[in-house]
Each structure stands twice: as C-alpha cells, then as structure tokens.
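Have a look at the structure below, then the notes.
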Amino acid sequence: MPKLFDIKFPGAGKTLPEGFWSAVDVWIKKPHVVNKRLCGVTETESRAVDREALLFLLDGPQHVLSSISSRPETDSRAMDREALLFLLDGPQHVLSSISSRPETDSRAVDREALLFLLDGPQHVLSSISCSGRASPGQTHEQEKHWSFSVRTFIPKVTRYGTLLQKEIIFKDFDRQQVTFLPFEEDSEGKVSLKRGNIYQLQLLHQDCEEWALELHVLDSDAWFSDGVAYPNLTWLSTDLLPKLVRWATECKSSEFRSTLSLLPVEKYSVMYQQLKEKYKAMVKVWPEVTDPEKFVYEDVAIATYLLVLWAEERAEKNLNARQSFVDLGCGNGLLVHILSNEGHPGKGIDVRKRKIWDMYGPQTVLEEKAITPSESFIFPVTDWLIGNHSDELTPWIPVIAARSSYSCRYFVLPCCFFDFYAKYQRRQCKKSQYKEYIDFITEVSQVSGFNTEEDCLRIPSTKRVCLVGQSRNYQLSEEAEAEQRRAHYIQSRQPSSGATVQRSEIGNSVDCFHGNRDTDKSPDSSWGEGFQPRDRVETVRNCAALPRDFVDGVVLQVANVLLGMTEDDGRGSSSDWNQGGSLSVSEVAGLLEQETLQLLKNECGGLQTLLKNNHQVFRVEGGRVYIRDWRNRKSSRVDTKRKPVALGALKTRPCWFYDHHPQRCPLQAQHCAFAHGSDDLRPSTRPLKKMKNDALWLAHSS
C-alpha cells in the first residue's frame, strides 16, 4: 500500500509504541472528538486472531499451499485466495463473527473484505507467514498479534437513509499498523465495500530515537469523500495525523468515562436532532439574561439523555408507563418543560421563580419553594429525582432518592462544589478538584445504597460528568441497616458548630417543614438540619449594586492618578490629548483605602470588575489599567462579545471625559455616544435592564 503522508514524532518517543495504540483507539472508538460531523460510533467486540492457528493453517495443509513458491506471482495470488477461503470456510473459531448479524452474513463480510484486502496490499496476508512463529519467551496472550472489529458510524445528521456506513478494522500488532476497510450495508444486509477508501496507519521506528507515523492509501485517485463518514485525504493528513501524534506522545488517560457510555449512541443522535429542531425557537424568545444558545441546547441535550435512558429502562423492565420525575433546583425550568412535553409526568421546584416560567403554559408544573432535606421533601411515588446543576442540593439528592422509596432512582449533574452543610473542602491534591468532587458524590451515592454509574454528557459545559443511580446495592429487607449507614455518614460530615437551618423567606405550603433545634418535630424529620438553602432573592455581586457615589468616587480617583502620570505608557502616541499612563490592577488597589478595598472584596471580581464595568473610562488589558481613547479603534472596541447597543440608549448618559477630563472629550458631540452637557442629554424612557433585553432581541432577530 503506497505511502501518502508521514509525520515525525517530537522527542525520543518514550510513550511509544503503547501511545500509538492508545491514540488509535481514540480514533476508532471516539472519532467525534476530531470529526465534529459525527455523533459517535458503535463498535463490536474486538476479536483476537490466534497466531498459531493462522500459522498452522498456512504451514500445515500442504495440498493448499504446496505450489505457491513454484507458480508465477499471478497464480500465487490465486493460491493465496484458496488458502484464505479454506481459512474462512474451515475453523470458525479463528475468524469468529465480527458483527452482530447472523453467521452467514458475517462470514460474507469477512470473506469479501479480506479477499479485497488480499487483492490489494498483499503484504498484509503475507506478513502472517513472514512475521515468524512466537518467540519462546512469549505468553499465550502475546501470541495473539492480530485483531478484527467493526464500527458503525453515527452521523449527527442522518443523510444516508437506511444505508449504514461501517468499517472493518484490522490491527497488526507485530507491524504496528492498523488498516481500515470501509463498507456500506443496506437494510437487507447487502454489503458494498468502498474499495477506493481503504487506508492504513503505521508506526515506524526509523532510527534509534526517531519515530514516524505514516498514512498509506490503497488508491488515492479513487478516494471518495462525503465530509462525514468518509473524510477527505487532506483532512486525514493535516488534521488527524498531528492529533494522533499528540495523543500518542501525551498518552494521557481521561479521569472520566467516555461520553454517552451508558446509552446507544445512535438512538441519542436521532432523538437529539428531533428535540433540537422542536425547541430551537426558544433561543429567539429567551427572556433571561443568560446566554440562550448555551442554555437551550444544553437542556435539550440533557433531556435527550434522560429520555433515551428512560426508554432503555422501560424496554429492559418491560414497563408501559412513562417514568415520573421531580427536578430539584430546576432553575429556568426548560428541562422540566421538555420532559413534560415528551410525555413524562413531573414537576420542577426551585427557590426562585424565573421570568421564563410564565411562557411554558400550565402543562409545565413549576413550584417556587425552598427545599430543605427533611421528611417533608421526600417523594415516595416519584420514579426519578433530577439534580441538574443543583448546587447545594447536589450531595442530598442520592440521599433524598434513597429515603423516598426503594424504587426511586436519581440523575445528578454536579457543578459547584458543595458538601452537605457547607462548601466542599478539598482533601486530595493528586486529583483535579472536579474529579475529587465527582468521587465524593459517588461515595455519597454508594453509602446511600445505590449501584452508581458514571457517564459524560455532550453539552457545552466544562462540567459534563453525571452520576446515575438506577438500582440498589442492598435488598429491600435490609432497609433498616441501610438507613443507619446513611444517617451515620451524614452525621459524620456535619460541622461541629451545629449550625441551624436557615428559614426560607418563601411562604411554602403547610406540608413543607423547615425547622431548627427548638421546634417540635419528630426524630426523623431533622435529617437536613444545618443545611443552608439559598436566598430567594439572588444577591447581585458584580459591583452593579454598589452605591453610585461610591463607584464614581473610585473611578475619579483612579482616573486622576492615571492622567497625572507624565511618562509615556508605551503606546507611542504623539497626540496632544492626555491619554494618561498605566498601572497594574494591584498598583491601583494600592491607591485605595482599606475600607474601600474591603467593600470591593465582597463583590465577584472586586476592583477589576468595577474598572471593567466602567468601560467608558477605562481599558483593562493584561492586568493593566489604561484611560480609554475613543478615537482609537482598537481602544474603543469595548468587548467584541457584547451585544449591539440599542439606538434608544445613545446620549442617555453623560460623557465622563466631557465632565472630568482636563481637555474634555476627544470626540465631537455628534460622534460621541454619550451626552456632552445637559442640553445633549436625552431622557431614558426605559429601565437599563429593559434596554439590554431589547438589544439582545434585536441581535437575535437581525
């Protein structure tokens, strides 16, 4: 097979050849990480091919191979074919089925694929005999140096109808090479090989310390590309090969499971495309200040995961009714809305109502209620509890599910790191903080009595690992002992100070209990005592709620210091307008009084957030603070991610430079977005938040 491309490995290749096979497995099992048009693949079990069995078949039956050496090469190929047919029709234990289809069809695929491989790169079959027998020191496992498997591609958007795109993958561990033989299969099981798209990856050790990865293509002139299952050759060489080299060199194993490991990926792909099309209109009418595309498509993906998971559960347990659910800490409620629309009875509960709740309609049940883990918040008739970025409720959800009923299951997607009664404190430095927290929630789940499964979602978030508890690790008759273990574990993590429960400001229904040590309660009702639910009113901590006089004072103080600096700030400007100097954020902090700094420490981002909020005056880049020059296109580019300002917002705020700069504003009044004096100031007829929402709407509707 002719070489088409190659790439050298950096360094001495200490991770090779093991790293090569690790990288190949990523490409085989998870091609969607580099080919974004794929949702994934399904792969049959890889079957090893025994070396001694192959060598016996090639060396043993002399009536088949006796004349290979004496015949011309053309006849030799025919005899190779005869030997291969004997191999396929004889000992089925050697080349056992490599697909899930009936044996006759499976053998037809094996036969046609391997015969075509024989007709092309003859060294593949010939290497069986020239590689030699096993060395005396090799173990039985090391003697199996070939393996076959089949993978089926699952595109994100199905464009082939009932036609399936598949590949036979042949690994030759002796020669450090893997060969891909693509074929198509129709609904009747008829197979058609893509003879022009056979390719091979091979690792070569050229010198003592130099390795190279080569791409071999059987017939580059006949190569066909559809951009999905069949990428073009340029992409294979310029995108795939460098990534394989990097993966092989790094040879890192992920801390977590691969994505969608608990689901049939093909069903997930179909369901996701259907839901995405059905609910994409939510992006245009999203009334919250959060990014609509991220939150809508993330909840669509989570809903898809749950719907497929629940469908598989119904099929496995032969259930007819759709599972019921309660989403604890449901936030914007979109996940509840989708699951309810798709036929699952359930509701969402959150401490704070969102504006979007009113858009869903009465079929989406959402309750504004503070949740405190207690006997008042168990759900004995609910099938599944959901915790989607449920923050302080996250560690409690497996506990609440376990105590609701023996049949109650749960799904949780951890995000922020909370323990039962406070922020989670790290205990291990050898793991990432995220991995340590996932392990903590897994421990909680197991102690609560669940057989816990971990999976990774495909969502636009860095926190993508979910935990699922579908079954118990104890029998129903052992419930009393299991409850003792749960209670002891929770008590062991309670702070010694014995903090009491924060009373909710929400008028909950009478069946919701929130107590403390002095209230009259049953012994079992206080198992969440010490838990701190979040406030109903979300605290704004982005410096926006600070007194206006306080903010104006800090801005004026910092700006005057910058303007008073006479040395050039490195920008090389020759303008007569004073652009001031520059200071690091820490140097700016040194200008402020301790009382001012303490007030800013209570805000997210502190001083730097205040300076960035006042982008009319300051430009913060690389940790340094500058006076913004609105004449300079780069300097006046406040934030490329900001939505366009609504026309009605122009001239509604005074120009800081016109009022405070010694030389006034460098722009003429007609060119400045801010008002030059009271005569230039326009009244704002709408609140600032309303203007931001209008600008967001204009941006998405344009």
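The values are calculated or read from the model by the stated rules, or taken from the named source; none is laboratory data. Quick caveat, the model's predicted, so the values are computed rather than measured. No Cβ is skipped: glycine too gets one built from the backbone with ideal geometry, and neighbour counts run over all protein chains shown. We work out accessible area using only protein heavy atoms, side chains counted, and drop any ligands, DNA or RNA first. Shrake-Rupley method; radii C 1.70, N 1.55, O 1.52, S 1.80 Å.
The residue that is farthest from F618 (Cα to Cα), among those in segment 576-593 that are out of contact with any strand residue (DSSP E or B) (no Cβ under 9 Å at 6 or more places or on another chain) and among the aliphatic types (A, V, I, L, M), is L592. Cβ separations smaller than 9 Å between residues 6+ apart or across chains give the following pairs from segment 603-616 residues that are more than 18 Å from I627 (Cβ to Cβ) and open to solvent by less than 60 Å² (accessible area, probe 1.4 Å) to residues that are acidic (D, E) and at pLDDT below 90: T609/E603. Quick check on my filter: what residues within segment 211-229 are modelled with pLDDT under 85, among the acidic types (D, E) and closer than 22 Å to K8 by Cα? Matches in segment 211-229: none. The set of residues in segment 303-320 that are hydrophobic (A, V, I, L, M, F, W, C) and buried (at least 18 other Cβ atoms within 10 Å of the Cβ) comprises A303, L306, L307, V308, L309, W310. Look at (1) open to solvent by less than 60 Å² (accessible area, probe 1.4 Å); (2) out of contact with any strand residue (DSSP E or B) (no Cβ under 6 Å at 6 or more places or on another chain); (3) at pLDDT below 55 and you find that V561 fails only one, number (3).
One residue is enough: does segment 202-224 have a residue meeting the conditions of a type outside the set (A, V, I, L, M), open to solvent by 60 Å² or more (accessible area, probe 1.4 Å) and under 23 Å from C39 (Cα atoms)? Steps first, please.
Narrowing segment 202-224 to residues of a type outside the set (A, V, I, L, M): 202, 205-211, 214, 216, 219-221, 223-224.
Those still in the list that are open to solvent by 60 Å² or more (accessible area, probe 1.4 Å) too: 205-210, 219, 221, 224.
Checking which are under 23 Å from C39 (Cα atoms) leaves us with 224.
Yes, the conditions are met somewhere in segment 202-224.
Of all residues in segment 360-369, count the ones that are farther than 14 Å from V326 by Cα, part of a loop (DSSP other than H, G, I, E, B) and either of a type in the set (G, A, S) or open to solvent by less than 30 Å² (accessible area, probe 1.4 Å) (or both).
Of the residues in segment 360-369, the ones farther than 14 Å from V326 by Cα are 360-363.
Checking which are part of a loop (DSSP other than H, G, I, E, B) leaves us with 361-363.
Pick out the ones that are also either of a type in the set (G, A, S) or open to solvent by less than 30 Å² (accessible area, probe 1.4 Å) (or both) and you get 361.
Count: 1.
Every listed requirement among (1) within 28 Å of I371 (Cα to Cα); (2) at pLDDT below 95 is met by R322 save one, (2).
Residue by residue, here is whether (1) assigned to a strand (DSSP E or B); (2) open to solvent by less than 40 Å² (accessible area, probe 1.4 Å); (3) not polar (S, T, N, Q) holds:
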{"position": "D358", "(1), (2), (3)": "no, no, yes"}
{"position": "F379", "(1), (2), (3)": "no, yes, yes"}
{"position": "V399", "(1), (2), (3)": "no, yes, yes"}
{"position": "V412", "(1), (2), (3)": "yes, yes, yes"}
{"position": "C415", "(1), (2), (3)": "no, yes, yes"}
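The residues of segment 572-602 that are at pLDDT 85 or above, closer than 19 Å to P666 by Cβ and open to solvent by 30 Å² or more (accessible area, probe 1.4 Å) amount to a single one, N578.
Restricting attention to segment 618-638, which residues are more than 15 Å from V585 (Cα to Cα) and either modelled with pLDDT of 90 or more or open to solvent by less than 70 Å² (accessible area, probe 1.4 Å) (or both)? Once the filter is applied, which keeps residues that are more than 15 Å from V585 (Cα to Cα) and either modelled with pLDDT of 90 or more or open to solvent by less than 70 Å² (accessible area, probe 1.4 Å) (or both), segment 618-638 yields R628, D629, W630, S635, S636, V638.
V270 meets all of the listed conditions (1) over 25 Å from K30 (Cβ atoms); (2) open to solvent by 40 Å² or more (accessible area, probe 1.4 Å) but one, namely (1).
Here Y658 passes the criteria (1) modelled with pLDDT under 90; (2) under 26 Å from R682 (Cβ atoms); (3) open to solvent by 30 Å² or more (accessible area, probe 1.4 Å); (4) not small (G, A, S) except the one numbered (1).
Does at least one position in segment 258-267 carry a residue that is in contact with a helix residue (DSSP H, G or I) (Cβ under 8 Å, 6 or more places away or on another chain), assigned to a helix (DSSP H, G or I) and not charged (D, E, K, R)? Looking through segment 258-267, none of the residues is in contact with a helix residue (DSSP H, G or I) (Cβ under 8 Å, 6 or more places away or on another chain), assigned to a helix (DSSP H, G or I) and not charged (D, E, K, R). Among the residues examined, V447 does not qualify as in contact with a helix residue (DSSP H, G or I) (Cβ under 8 Å, 6 or more places away or on another chain), within 23 Å of Y305 (Cα to Cα) and either open to solvent by 40 Å² or more (accessible area, probe 1.4 Å) or not in a loop (DSSP other than H, G, I, E, B) (or both). Selection of segment 273-292 for residues being loosely packed, with under 15 Cβ neighbours inside 10 Å, assigned to a helix (DSSP H, G or I) and charged (D, E, K, R) yields E277, K278, K280. Take K430 and decide whether it is assigned to a loop (DSSP other than H, G, I, E, B) and surrounded by fewer than 19 Cβ atoms within 10 Å (Cβ to Cβ). Considered against the rule, which asks whether it is assigned to a loop (DSSP other than H, G, I, E, B) and surrounded by fewer than 19 Cβ atoms within 10 Å (Cβ to Cβ), K430 comes out as yes.
Among the candidates C415, C408, C429, the residue that is modelled with pLDDT under 95 and either acidic (D, E) or touching a helix residue (DSSP H, G or I) at 6+ places or on another chain (Cβ under 8 Å) (or both) is uniquely C415.
Evaluation of N197 against the conditions (1) of a type outside the set (F, W, Y); (2) modelled with pLDDT of 80 or more; (3) over 32 Å from the mean Cα position of the chain (by Cα) shows that the sole unmet condition is (3).
Go over the candidates V300, V228 one by one and state the one that is open to solvent by less than 50 Å² (accessible area, probe 1.4 Å), free of Cβ contacts under 8 Å to residues at least 40 places away in the same chain and either assigned to a helix (DSSP H, G or I) or in contact with a strand residue (DSSP E or B) (Cβ under 9 Å, 6 or more places away or on another chain) (or both). Can you show your working first?
Values: V228 fails: free of Cβ contacts under 8 Å to residues at least 40 places away in the same chain.
Only one candidate qualifies: V300.
Take the residues of segment 381-397 that are part of a loop (DSSP other than H, G, I, E, B) and out of contact with any helix residue (DSSP H, G or I) (no Cβ under 6 Å at 6 or more places or on another chain): which is most open to solvent (accessible area, probe 1.4 Å)? Looking at the filtered set, the residue picked out is V381. The combined condition, being among the polar types (S, T, N, Q) and modelled with pLDDT under 95, is not fulfilled by T364.
Among the residues making up segment 464-480, those that are assigned to a helix (DSSP H, G or I) and either among the hydroxyl-bearing types (S, T, Y) or surrounded by 12 or more Cβ atoms within 10 Å (Cβ to Cβ) (or both) are S477, E478, E479.
Set side by side, the residues F170, F180, F153, F148 differ, and just one is at pLDDT 85 or above and crowded, with 20+ Cβ neighbours inside 10 Å, which is F153.
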